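To start, the structure itself, in structure tokens.
The values are calculated or read from the model by the stated rules, or taken from the named source; none is laboratory data. Model, not experiment: these values are computed from the prediction. Methodologically, a virtual Cβ is constructed for each residue, glycine included, from the backbone with ideal geometry; neighbour enumeration extends over all protein chains shown. These accessible areas exclude ligands, DNA and RNA; they are computed on the full protein's heavy atoms, side chains included. Shrake-Rupley method; radii C 1.70, N 1.55, O 1.52, S 1.80 Å.
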Amino acid sequence: MIGAMGIYVTRSKPNGPAISSVVAAIALVASVIHLMAYGARDVVDVVSFFPGISVSFFCDPLSLIFAMVASSLWGITVLYSVGYLNGAHEKNQPRFFACVAIALGATMGVAFSANLLTLYIFYEMLSLSTYALVGHHQNDEARVGARKYLIYLFGGSIGLALPAMIAVYALTGTLSFSYAGILPEVTPFPVLVVLMIMFLYGFAKAGLMPFHAWLPGAMVAPTPVSSLLHAVAVVKVGVFSIVRVITGIFGYDLINQVNLSQVIVYIAAFTVIVASLMALYQDSLKRRLAFSTIGQLAYIIMGVGLATPMAFVGGVLHIVMHAFGKITLFFCAGAIYVATKKKYVSQLDGIGRQMPWTMGAFFIGSLSVIGLPPTGGFISKWFMVNGALEAGFPVIFTVYLISSFLNACYFLPIVYRAFFKNPATMDDVAERPLLCVVPPVITAAMSVVLFVGAPFIIRLIQGIYYG
Amino acid sequence: MTTLSYSVAIILMTMGLWAMLSKKNLIKKLMGLAIFQTGIILFFISMGAKEGATIPILDHHGYGGIYSDDYANPLTQILMLTAIVVGVATLGLGLALARKIYAHYGSFNEDDILANLREPNE
Amino acid sequence: MSSQWAFLAMGIPFFTALIMGSVGYAAPRFMRWIGATGITLAVFASIGLWSTVSTDEYVSYFFGGWLPPIGIALEVDRISALMVLMVHGVAALAYIFSLKALPNELPASKHPVYYTLYFLLISGFVALAVTGDVFNVYVLFEVCALSGYALLAMGGKKAYVPTFNYVLMGSLGACFYLIGVGYLFIKTGTLNMAHLADVLPTVFFSRSILTAFILITVGLFVKMALFPFHGWMPNVYTKAPVSTLCLMAPLGTKICVYVLLRVVGYVFSMEYMTNILAVQPIMMTLATLAIVVGTLYVVYHRHLTRIIMFIIVSEIGYMVGGIFLGQMDSVIGAVYHIAADALMTVTLVMVAGVVRHCLGGDAIADVAMMFRRLPTTAIAFVIVCLSVIGVPPMPGFFSKFLLIKGAFMSGYYGFAVALLIASLTAVFLFFRFFEGYFYMKTDNTAPSVIQEPWAYRIPLVVAAIGLVGFGLSFSYWYGFIKLALPLGLA
């Protein structure tokens, strides 16, 4: 297992361009699978600083699921990036791939962190490495986006998460995750609420409103970055961190005991509704996807925050499902841009006939994000909705339904436009390049496969909750 | 007697401090520093002084016993010997600097120097 | 033998200074070798001292065999050993750096004088760290200060006026300290630190002791440039030669913080400070203000050297705050931070120096060029910035972690907030430089990479590696410092 750890840290940071990235990605996926097969719950201390403070890794189903999603999508994204970057004639490709690789290494670090400090270290590393990616175009627009990105992420992590972490350490003397929770039961309620809010907003990568504004801003990045980082790695790291904090620091026992769910759930519910409404008004395709992401992330937090078995399974499952669904959508947006230079929803009339594969994938991806069968999104949403009822939050139940409706409202018109409206002008547009088309199709197919394969993952997750 | 010497010490210190902080002329500032240090020296010496005691030099080689009450405390005097040396060195260095400043700015007055000092780039 | 290390650590640079002074004019060629030998031996001595205290915990050296309270003693515990190590480590880096930097700034005829003072200054710093006598502290302050004034004034005509002000302020601070020592002596009749600590509790409630405490702390605050006594520092340091700065900026103020810890923690005792005087709120306010004000100035200035100066102002606030929080962890954090910050500051100053010499200025735009033209410097800069920000596992993170934890435990939330603000500002500061490079308009006449001279590169690389190593070995230092803490800490 330590050997496998070594692979992440070393192999996931190649300096070379695409090929070595692909090799590393395959190695990474292989080692995650290897871990899955032989995974033990050992804690490996790498460096110990003082009691309760060390850099250490461990491996549980939650980290495995997350690592698996991130690493497999990385492989696909690298393929896609090759197509995209060449198609869009981007500069500085080696730097691009190196930064993506570092970001992925950091994501893996987050996934396997055994305590809050380790998680925090890799969280910051991720912020730094993606900064260069967001600002990749090196023009003024990128500068503004990147600066905003930085302000929100560092403001959150240093201003809120770090003091919260230190407060936890001062209260408990340890930072290791434990499913029983590490905070003592006698902690006064207001302190718990404040800590929880500090963590929720401190991990600003999760994009809870009003700490969401960096995400649309960061859409200035090249599309592969948006897709991998802002649909999968970065935002999911934020969510994953929050999940870890909820389950590993607070613990479900404590949360149920003092009814902390309310705090989490209502903050998230607010974000879900507002983000969905805002998505309706975005004309830029990528921005619309970004707002959709904000809403979907809040779903996950809501699910995990409900603190019932059903909702937890749904929430964690949604990390996976949404990752595949959303990355498909981003890939499609990028493919459209490479082929036609079109960025706006209103320009997409009739494009489905010229790019049937791309838009077909887009359709499946949006089905998954909306939560309709036969895609994976349906299953995770099903669990979350049931969980809301189980936990006795009818309001949240309604929120899920309304927002699903809104999701449909902002995705389906795009599909409708693309396939059934006549384009204003008939350009000579075709599917190209190959490497931009295949990846979205693969991920879309994966969304469907996950519908079928969900029970396997569900068993894994249930293992966490009950184990 | 001791009250008097302490009072003088305090007055000297205050004078010196006042001169250092409020005078515009660099030389006067240095004089203030010197007065301040003199005050401190007096303060320390007063500490070691005793009514009716003499300088702490043993001239009779212990005939008839040595009584510490007969001698002022030598320690404070030794300390001040050091402090005087330090003070002289500081003063010398300050004067050297003041000379350099005068050579360059043509004035000992702080205001004139500051007016000359403003540079556009800093 | 083991007790001799304490003397050697102090004496070697002192004798090097003497030899420099006499040989320098006669045989200038040998000068740099004498210096190199001296500094190497001194580093060995400090390592020897360190390994001795690691096992014995305590080393005393009595001059001439006179035992205290009559004789003069050097007393080395683990914290002072760490300080000695810090002084010699930083001095060694600064010395190598100065080999190349100094010829750019001063004519060769002045080098013998310069290095004589330079080593005198080093020995003064070391002596401050090991002395066990409150009056000696005053004398050593002046030894450091006098050699320091002269070194600073060598920065040329721009440096005269700020240095003159520094002479006044520095002497004033030292004099305040001296009067305070006088009051202590009146009441207790002793100057030895350990002896004072024994005697003082019997007279804790005396008004003289209160006066002594106030005068000594104020004097030290002036010396260490704690806000609002910081006015002299940025001006004088920015005008000084870079090679002087490498020595003065990291050590000059830090060693005063160490003396503060000695005096407050060991002589007066923490109990006196927190329970009897109850000055903690005032001191914490000062420390918090220092951090905030320093941070604000950092944002405002646009030259790297100046920015470094105000970083120092706010870092002083960290340490003073850590000492006065009076928690075990916060004091460990403060001590650790003294050493960490010395290392960080010397690296930053060296970076600024390299940029100034190689690129001709240290405004933000010049510094930004560094990423393209001076790769080694840029890497060192990034590492030290991460530490200033407090990104784990850099040393800056751990000290900040302990300080914030201490602030939470004792309820000074304002201090914790100030620390966080300082971190955030450091992030934006760093990214201002980085952005300057990243979004620079590229033209075809892009200048090529400059290879730094070895005298620049070696200390930079060593300092950067040292920083990382110091951070990674945190658990060792935590245990190391913990055993030497003053009594009465929770």
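Here is how the numbers come out for the structure above:
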{"item": "Filtered residues of the range C:214-244 (kept if within 30 Å of residue C:115 (Cα to Cα) and not in a helix (DSSP H, G or I))", "result": "C:225, C:226, C:229, C:230, C:231, C:240, C:241"}
{"item": "Odd one out for residue C:126, checked against (1) touching a Ser or Thr at 6+ places or on another chain (Cβ under 6 Å); (2) crowded, with 24+ Cβ neighbours inside 10 Å", "result": "(1)"}
{"item": "Test: residue in the range B:21-33 that is closer than 20 Å to residue B:7 by Cα, open to solvent by 30 Å² or more (accessible area, probe 1.4 Å), at pLDDT 80 or above and at the interface with chain C (Cβ under 10 Å from one of its Cβ atoms)", "result": "no"}
{"item": "Count of the range A:255-278 residues which are open to solvent by less than 10 Å² (accessible area, probe 1.4 Å) and under 25 Å from residue A:182 (Cα atoms)", "result": "6"}
{"item": "Identity of the residue in the range B:35-55, more than 10 Å from every other protein chain (Cβ to nearest Cβ) and in contact with a Leu (Cβ under 8 Å, 6 or more places away or on another chain), that ends up farthest from residue B:4 (Cα to Cα)", "result": "B:35"}
{"item": "Of all residues making up the range C:404-439, the number that are in contact with a Gly (Cβ under 7 Å, 6 or more places away or on another chain) and either facing another protein chain (nearest Cβ under 10 Å) or outside any helix (DSSP H, G or I) (or both)", "result": "5"}
{"item": "One residue from C:205, C:213 being farther than 29 Å from residue B:88 by Cα and away from every other protein chain (no Cβ under 11 Å)", "result": "C:205"}
{"item": "Matching residues in the range C:26-59 - criterion: being without any contact (Cβ under 8 Å) to a residue 24 or more places away in the chain and outside any helix (DSSP H, G or I)", "result": "C:27, C:58"}
{"item": "Unique match (being closer than 23 Å to residue C:250 by Cα and basic (Lys, Arg)) among C:110, C:100, C:187, C:157", "result": "C:100"}
{"item": "Those helices (runs of 4 or more DSSP H) lying entirely in the range A:279-386 with at least 2 residues surrounded by fewer than 21 Cβ atoms within 10 Å (Cβ to Cβ) and in contact (Cβ under 8 Å) with a residue 60 or more places away in the chain", "result": "A:309-340, A:351-354, A:356-370"}
{"item": "Residues within the range C:344-366 that are in a helix (DSSP H, G or I) and crowded, with 24+ Cβ neighbours inside 10 Å, tallied", "result": "12"}
{"item": "Hits in the range C:175-190 (condition: touching a residue at least 12 places away in the same chain (Cβ under 8 Å) and either open to solvent by 20 Å² or more (accessible area, probe 1.4 Å) or more than 8 Å from chain B (Cβ to nearest Cβ) (or both))", "result": "C:176, C:177, C:180, C:181, C:183, C:184, C:186, C:187, C:188, C:190"}
{"item": "Filter result for residue A:160 (within 12 Å of another protein chain (Cβ to nearest Cβ) and closer than 28 Å to residue A:99 by Cβ)", "result": "yes"}
{"item": "Among the residues listed as A:37, A:27, the single one being open to solvent by 50 Å² or more (accessible area, probe 1.4 Å), at pLDDT below 75 and assigned to a helix (DSSP H, G or I)", "result": "A:37"}
{"item": "Counted residues, the range C:295-321 - those being closer than 14 Å to residue C:225 by Cβ and of a type in the set (Ser, Thr, Tyr)", "result": "3"}
{"item": "Candidates C:371, C:398 - the one that is at pLDDT below 90, crowded, with 24+ Cβ neighbours inside 10 Å and outside any loop (DSSP other than H, G, I, E, B)", "result": "C:398"}
{"item": "Residue within the range C:94-105 that is out of contact with any helix residue (DSSP H, G or I) (no Cβ under 7 Å at 6 or more places or on another chain), without any contact (Cβ under 8 Å) to a residue 12 or more places away in the chain and either assigned to a helix (DSSP H, G or I) or more than 14 Å from every other protein chain (Cβ to nearest Cβ) (or both) present", "result": "yes"}
